[in-house]
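FYI, it's all coordinate maths here, none of it is from the lab. Since the model is a prediction, treat every value here as computed from it, not as a measurement. Ideal geometry is used to build each Cβ from the backbone, glycine not excepted, and the neighbour counts take in all protein chains shown.
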């Protein structure tokens, strides 16, 4: 019995170390963002907000931030608009070639982003279209669609068909059934799908490097460009802002859904 | 009966159109382009020849980048497994009330920008990074160690990006194991360790292999970590493609390298699917 406890302690300790390893670099970024020195590294000498101030005056970064927000929002909307009906088809209907079509729609996850980047760019080039913001949105929808599908499908499996059948047998039209029964039950999954595709789009570098032009750079692409001349405290400050933003969004979303769920008595 | 058939088609048509037009067709273009010729003037000439593939395998330069990619991928998979199995096992066994929060913490890196997570290692491994700073201060070394811009740094970045995938895959598999099986083994006289070795470990293999495949495939296509954390010798296949296409605008050759990468990954995924079934991966992804 004694050996068993010590084994479990070791497992706990190991897990703790993995956590420390995983989060030390992230914490370091946030701490170093407050380093007043020109070269953003250890040792810390003092504490200042000056890099955040400098960041807020950098118009190219603010532009990139705006681009990223618009791109992420559009991607989230289109990706769920296309993905939710597909997920409905997979879970609610039986048809020929279902497995094959499902694999095809999930495929972008398994194809390296570089290849996706080359492929879409080559196609656009063949069509003799210039790179544009529209193309960036289209590309990001393809990148995020599989995740929306997986998330919404997983949720839809858990919604009993009986609810929909009950509504239909009580005289509701299929559209009414969707609006009154399926949609409210599915809303958290749709929301999660949107949040996920927003984050993936907001975060994407590799494919975006292929598709972006000088006019529609996103924040990560901008950071990538800044990195060419080594790491600066300004990058750390930008990193800290992004970490706080991207971490608080899902946490807040999770908290809100739980609150609303409790509010409706579930 | 007939009514049932057009409905799913209608629901699927937007996504099928999107994926067909924006993925299938463009990928076909890549395959077609890989056979084209590039004129010295930079013009792409339609052709059907294997010159681009021959060029790739002509000397050891390009294949060595491919081998480099595969080696890094293999090392990353092995390290990920070592780092990931025990935390996954911890989540499976723990009775702690904090478990949901600890799990949330594992997922948290998913939400943090990939480029930030990658560059954050510069603050740790750089000449004036955390490790060198601490070692210098403690007096263990007199000059900073060069920990950055080598394969180890690239793998650090990759591990941090991929470990959550591995942990979740293994956890999903462990969580599906009927706990009465290990109880049965123990009541029949197995020690805790034997029960783990004979029952839990084999039953968690689907998750382990799914995690390994995912990590391997994602590493093979990786672009950012070698760019940010690697040196000149740590180039991987995705960096090569980017350089050929965006740098030198050699579309046919870039396409050929893309096809080689796709074929390689396709072969690995196909082999995996034959023996393990691909659905395991999607199971844990949709949990994530």
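Couple of notes before you dig in:
- If the convex hull is drawn through the Cα atoms of chain B, its volume per residue in Å³: 227 Å³
- Cα→Cβ-extended label distance, 7 Å offset, between residue B:179 and residue B:32, nm: 5.8 nm
- Summary value for chain A: 32 percent relative contact order, contacts being C-alpha pairs under 8 angstrom separated by 6+ residues.
- Calculated Rg and Dmax of segment A:50-263 using C-alpha coordinates, Å: 20.2, 67
- The protein assembly as shown: C-alpha pair distances exceeding 46 Å, %: 16 percent
- Applying Stokes-Einstein at 10 °C and 1.306 mPa s to the Kirkwood radius of segment B:53-169, computed over alpha-carbon pairs, gives a translational diffusion coefficient of 94 µm² s⁻¹.
- Protection proxy ranking of B:223-235, B:250-262 - average other beta-carbon atoms within 10 Å, highest first: B:250-262, B:223-235
- The peptide list A:187-200, A:11-24, put in order of mean Cβ contacts within 10 Å with the highest first, becomes A:187-200, A:11-24.
- The length gained by stretching the chain between residue A:169 and residue A:93 to full extension, at 0.36 nm per residue less their Cα-Cα distance, is 25.5 nm.
- Inter-centroid distance (Cα atoms) of segment B:1-79 relative to segment B:118-187, Å: 32 Å
- Helix-only CD estimate at 222 nm, as mean residue ellipticity for chain A, using -39500 (n - 2.57) per DSSP H run (n ≥ 4): -25000 deg cm²/dmol
- Taking every C-alpha pair closer than 8 Å and separated by at least 6 residues, the mean separation divided by the residue count of segment B:55-287 gives a relative contact order of 26 percent.
- Nitroxide proxy distance, nm - points 7 Å out along Cα→Cβ at residue A:228 and residue B:93: 5.2 nm
- FRET efficiency for the residue A:66 to residue A:185 pair, using the beta carbon distance and R₀ = 35 Å, is estimated at 0.50.
- Extension reserve of the residue B:61-residue B:7 stretch, reckoned as 0.36 nm per residue once the Cα distance is removed: 14.1 nm
- Per-pair calculated FRET efficiency, R0 = 51 Å: residue B:193 and residue B:128 via Cβ, rounded to 0.05: 0.70
- Averaged over the residues of A:122-128, the number of partner chain Cβ atoms lying within 10 Å of the residue Cβ comes to 5.
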